[in-house]
Amino acid sequence: MKTAFVTGASSGFGQASARALCKNGYVVAAMARRGERLRALKDELGENLICLECDVRDKDALNRAIGGLDERFKSLDVLVNNAGLALGQERFSEASIDDFDVMIDTNIKGLVYVTKALLPAIIKARGYIFNLGSVAGVHPYPGANVYGGTKAFVRQLSLNLRNDLTGTGVRVTNIAPGIAKTEFSQVRFKGDEAKSSAVYERTKYLSAEDIARIITDCLALPEHVNINELEVMATTQTWAGFAIERE
Ligand code: NDP
Ligand code: 8X3
């Protein structure tokens, strides 16, 4: 019996990954704040889905939730560190400091808390850590400021973890997706339907299932193969080039 732990499992990549892992025979601990979404997923997937209604920013609650998991989770085969968000896309000077706090606390600190709490179990299983970075952590774009910074942190932490985990057999992959249709833009634009749907207009984007498939495909690789990072874009997405000021 293999075990997995997925954060942000109530929507998007996390939900699709929890579903795919369950269907591949894993017992999955699924964490998110929206418990009703997790319970609906459990109705769909059955007893191999364990609901953990928790905010990854709350270190004590997180440690209690992880501590309350049954014996099977003393050994953890897969961690998908996925919970995260962007809030706003204004220039740094106009953006909200409260939004910065939420992104830093969730995307950076939450991911660190989860990893720290679960690492002994992951080492025991010679397990696999997937961290959800972003193209925004590699390529700058206007208004990505703090969000991009948090994802650059995720990328560098992923690489540094590989060093610290040398000799343990634990694998770490930073997955850095580009445009993908989930609830991401609804959250980023705070429910502004016109803004969020404009992101996906007249183009072909990645789906949550594409990312889940990448995760299960990586897991199917032999144990001696570690993919350090995977930057994944829709075929329709490329770069816009440098911006040049002209007089
Ligand atoms: P969604 O908004 O669809 O899903 C985000 C998930 O994160 C939800 O399940 C949400 O659950 C959870 N979450 C957010 N904050 C917290 C918190 N404080 N505690 C626990 N869970 C939390 O977006 P995606 O699936 O697209 O995003 C998943 C990850 O992928 C994020 O890290 C995002 O930055 C990254 N990403 C997304 C891309 C995209 O274009 N979609 C591209 C590149 C990276 P709940 O609200 O119930 O707590
Ligand atoms: C999400 C992808 O390009 O909107 O991380 O930042 S992007």
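The values are calculated or read from the model by the stated rules, or taken from the named source; none is laboratory data. In this text the structure is predicted, and so the values were computed from the model without any measurement. When we count neighbours, we look across all protein chains shown, and the Cβ atoms used for this are built from the backbone with ideal geometry, even at glycine.
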message: Residue pairs, Cβ under 8 Å, 6 or more apart or interchain, first in the range 51-64 and closer than 15 Å to residue 18 by Cβ, second in a loop (DSSP other than H, G, I, E, B) and basic (Lys, Arg). List them.
response: 53/33; 53/34; 54/33
message: For the range 48-62, give me each residue that is part of a helix (DSSP H, G or I), over 19 Å from the mean Cα position of the chain (by Cα) and of a type outside the set (Gly, Ala, Ser).
response: 60
- prompt: If residue 176 passes every condition in (1) in a loop (DSSP other than H, G, I, E, B); (2) closer than 23 Å to residue 127 by Cα; (3) touching a residue at least 12 places away in the same chain (Cβ under 8 Å) but one, which one does it miss?
  reply: (1)
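Residue-by-condition table, conditions (1) assigned to a loop (DSSP other than H, G, I, E, B); (2) modelled with pLDDT of 95 or more; (3) in contact with a His (Cβ under 9 Å, 6 or more places away or on another chain); (4) closer than 25 Å to residue 24 by Cα:
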| site | (1), (2), (3), (4) |
| --- | --- |
| 186 | no, yes, no, no |
| 191 | yes, yes, no, no |
| 222 | yes, yes, no, yes |
| 230 | no, yes, no, yes |
| 237 | yes, yes, no, no |
| 241 | yes, no, no, no |
| 246 | yes, yes, no, no |
query: Given the residues 168, 216, which is the only one that is more than 14 Å from ligand 1 (Cβ to nearest atom), more than 17 Å from the chain's Cα centre (by Cα) and in contact (Cβ under 8 Å) with a residue 12 or more places away in the chain?
result: 168
